[in-house]
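Step one of this worksheet: look at the structure below.
Just so you know, all these numbers are worked out from the coordinates, no wet-lab data involved. The structure presented is a predicted model; accordingly, all values stated were derived computationally and were not measured. Every residue, glycine among them, receives a Cβ derived from its backbone with ideal geometry; neighbour counts consider all protein chains shown.
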């Protein structure tokens with residue numbers, strides 16, 4: 001069983017031929033809305049991968065609350081630990097350029113009301129051996145309490161160091177498994193502008209210091225990871241991306257689900273990388289998350 005403790009948003013998505021420069025206005029060529037939030041995205045990915053999933057977080061009493069949870073509900077995700085508060089449901093304002101790259105501004109709203117007490121309740125409902133997945137779109141105090149409670153209860157924690165915040169490196173040391181992109185990993189390692197060799201050396205150093213499993217996603221170059229002193233690599237698919245918004249969250253959810261299902265570590269990395277690639281072929285974060293059968297076919 002996987003519990004995802006994190007954010008729930010409504011995404012407002014505009015597409016343009018190219019992303020604007022600072023201070024520039026460009027014409028858009030499309031607009032849509034989609035359920036999002038890194039927590040909800042990862043929960044849906046794990047659910048579509050075939051695992052039992054419980055979502056813990058917060059939404060508002062506004063018109064965005066129901067659609068923000070709709071795909072999670074339709075997929076059979078347990079939502080009893082999602083609270084309703086007076087703050088508006090979180091929103092993400094997303095610009096997607098013609099090459100699939102994006103710019104995102106997130107307004108936390110209800111996500112900012114998630115507390116350490118909510119973390120205690122979420123982890124308290126878990127069993128030893130379950131997996132707790134977290135990100136950094138809810139308050140730091142809540143994430144820190146959830147990580148501590150998970151360790152005390154024998155729950156395996158998976159922390160995605162996104163979005164990159166000031167406390168990312170400190171919080172990263174508290175998780176059993178850390179998933180980061182290149183920039184986030186540099187913050188964790190305390191070194192900027194790493195070469196591939198420097199990244200590999202940093203992975204070995206940190207793994208030796210903490211014993212943590214560390215995973216670095218590299219976009220089109222796949223993923224590199226270290227577990228118990230052994231380096232692993234996995235590749236996704238060669239694709240022409242349409243929208244990269246949900247790729248990282250899809251990777252995280254599928255990776256956690258694969259571990260929960262008992263897959264070997266390298267097989268879990270490969271499955272997650274392929275799922276992340278498939279998520280780049282459609283617009284929107286949650287609508288783009290592939291079903292398990294589609295990932296199996298691509299594998």
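When the chain is fully extended, how far beyond the present Cα-Cα distance does residue 238 get from residue 296, taking 0.36 nm per residue of separation?
Fully extending the segment from residue 238 to residue 296 adds 19.3 nm.
Return 106, 66 ranked ascending by Cβ neighbour count within 10 Å, so the fewest neighbours appear first.
66, 106
So in the chain, what percent of DSSP beta bridges are antiparallel if you round to the nearest 5?
For the chain, the DSSP antiparallel bridge percentage is about 40.
Roughly how many Å is it from the Cα centre of region 151-219 to that of region 243-282, as a whole number?
Going from one Cα centre to the other spans 18 Å.
Can you sort 55, 103, 126 from fewest to most other Cβ atoms within 10 Å of each residue's own Cβ?
Ascending Cβ contact count within 10 Å gives the list 103, 126, 55.
Is any residue of region 217-245 close enough, with backbone N under 15 Å, to a label point placed 7 angstrom from the Cα of residue 282 along the Cα-Cβ axis, and if so, which?
Label zone hits: 242-245.
Which number do you get for Rg(Cα) / (2.2 N^0.38 Å) in region 8-89?
Relative to the 2.2 N^0.38 Å estimate, region 8-89 comes out at 1.31.
Within 10 Å, count the other beta carbons around each residue, average over each peptide in 272-278, 141-147, 43-49, and list them highest first.
My ranking of the peptides, most packed first, is 43-49, 272-278, 141-147.
Does the chain come out rounded, prolate or oblate by the C-alpha gyration tensor, with a ≥ b ≥ c the root eigenvalues, rounded set by a/c under 1.5 and, if not, prolate when a/b is larger than b/c and oblate if not?
In terms of gyration-tensor shape, rounded.
Can you tell me what share of the DSSP beta bridges in region 1-159 is antiparallel? A percent to the nearest 5 is fine.
That works out to approximately 35 percent antiparallel.
For the peptides 29-42, 148-161, what is the packing order when you average, over each peptide's residues, the other Cβ atoms within 10 Å and list the highest mean first?
29-42, 148-161
Name the residues of region 229-248 whose amide N is less than 18 Å from a point 7 angstrom out from the Cα of residue 221 along the C-beta direction?
Counting backbone N atoms under 18 Å from the label point, the list is 231-239, 248.
Would you work out if region 141-229 is rounded, prolate or oblate? Take a ≥ b ≥ c from the square roots of the eigenvalues of the alpha-carbon gyration tensor; rounded if a/c is under 1.5, else prolate when a/b is larger than b/c, oblate otherwise.
Prolate, because a/c is 1.5 or more and a/b exceeds b/c.
What fraction of the DSSP beta bridges in region 1-71 is antiparallel, stated in percent and rounded to the nearest 5?
The antiparallel fraction comes to roughly 65 percent.
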